[in-house]
Amino acid sequence: MRRDDLIDVPARPGQTLVLGGAGFIGRHAVQALLAQGHAPVIGSRHPGRIDHRLPAAARGCPRRKARFEALLTADAWIPLLAEIRVVVNCVGILRQRGRETYQRVHHQAPAALAEACRRSGVRLVHVSALGLDLPARSGFLRSKCDGEAALKASGATGCIVRPSLLDAPHGGYGARWIRRVARWPVHVLPADATGRIAALDVQDLGEALARLAHPITDEAGMAEFELGGLEALSLRDYLARLRRLHSPRPARVLLIPGWLARLGSHACDLVHATPFSFGHWELLRRDNCPRINHLPALLGRAPRPVGADAPGDVRSPRLQPDPA
Ligand SMILES: NC(=O)c1ccc[n+]([C@@H]2O[C@H](COP(=O)([O-])OP(=O)(O)OC[C@H]3O[C@@H](n4cnc5c(N)ncnc54)[C@H](OP(=O)(O)O)[C@@H]3O)[C@@H](O)[C@H]2O)c1
């Protein structure tokens, strides 16, 4: 049997299945669930190959194999929900690959999951994104929007969570890139990237997701929570803030026309380079801030300031290279 075919120890009744539980957001949700005394089960496409992506405390958690492109009906999801009381969906793709299309991963599979949750009486917490309320041309944003609409219509109980951009001292494809770019002496920015970002710490998001997974009262329907950090900054100011972690000298800012940035985003999509995509170019032109920030209330304290960590901060451990 291949390691990937493994489905570990059966879940204990009432456990929380974290789909994408080895991803950037998912592993912080798993860590927070463990810290809050819950028993997470980790969903992954490769359950036998994720140890190096997990915090040490989570390596003993049971795992279940979940490939969204193959889970497009409620019936397909039902066996994965055995003995599960709550599902936290942290799955998302930046770019399409073969059968892993935006529509399947962000819309059809979550819609089928919501129907399975409704039938089984399982609570569903779905991680989405801000900035989906305006018309979008990118398939990435449209699929996320369609996914949200399907969940709201599903009759399942739970919530949709829309975080702003995430930051962490280490880890996370986008967060790592933004911190790298911030170090550069010249910041090349699209002139039309005028939207504001309320970046938040991924550890705070993990904690909030764990709270939303196990609320004190469980009301019917899909609630919506928009989450952000303490400040709303333009991309230019956000990069300047992160740069101060490494250098007291401000970077030179070079603004490029919007059409050129758009062309660049399509080129990045074509060759799967950098986290800059057409969808993200669209997002940068609109505000990415919560209308009402639910994060402080969920945490019961102020969110952590972003970009204030000392170099070498190890709150999110540096990931080990994959031994496989
Ligand atoms: N990062 C941010 O700043 C940010 C901000 C707002 C919203 N979001 C949204 O939050 C979600 C997660 O983001 P993230 O930063 O945690 O991304 P990530 O680190 O790439 O994690 C996504 C996880 O999804 C799983 N996955 C990918 N394709 C899959 C498939 N076909 N079937 C099943 N699982 C699959 C992967 O798990 P395995 O490799 O283990 O299978 C991966 O660990 C995305 O929808 C993203 O748009 C992110």
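Ellipticity at 222 nm from helices only: DSSP H runs of n ≥ 4 in the chain, each -39500 (n - 2.57), divided by the residue count, give -9000 deg cm²/dmol.
Neighbour counts of C-beta atoms inside 10 Å place His46, His28, His126 in the sequence His46, His126, His28, starting with the fewest.
Once both labels are positioned 7 Å from their Cα atoms along Cα-to-Cβ, the gap between Glu224 and Ala70 label points is 3.5 nm. For helix 139-153, what angle does its Cα long axis make with the longest principal axis of the chain, in degrees from 0 to 90 and rounded to 10? Rounded to the nearest ten degrees, it is 40. Computed from Cα atoms, the angle from the helix 109-120 axis to the main principal axis of the chain rounds to 40 degrees. Qualifying trypsin sites (Lys or Arg not before Pro) in segment 125-175, where qualification requires a DSSP coil assignment and no more than 14 other C-beta atoms within 10 Å, comprise Arg137. Cα centroid separation, segment 70-100 to segment 171-237: 23 Å. Would you please state which residues of segment 199-215 a label at Leu299 would reach in this model, taking the label point 7 Å out along Cα→Cβ and a backbone N cut-off of under 17 Å? Once the point is set 7 Å along Cα→Cβ of Leu299, 199-213 turn out to lie under 17 Å by backbone N, inside segment 199-215. Helix 173-183 sits at what angle to the longest principal axis of the chain, using alpha carbons and giving 0 to 90 degrees rounded to 10? Rounded to the nearest ten degrees, it is 20. Near the amide H of Leu189, within less than 5 Å, lie the amide hydrogens of Leu254, Leu255, Ile256, all on another chain or at least 5 residues away, with H placed in the peptide plane.
We did not get these values from a lab; they are worked out from the coordinates using the rules stated. None of these values were measured; they are calculated from a predicted model. Heads up, the Cβs are rebuilt from the backbone with ideal geometry, glycines too, and the neighbour counts pull from every protein chain shown.
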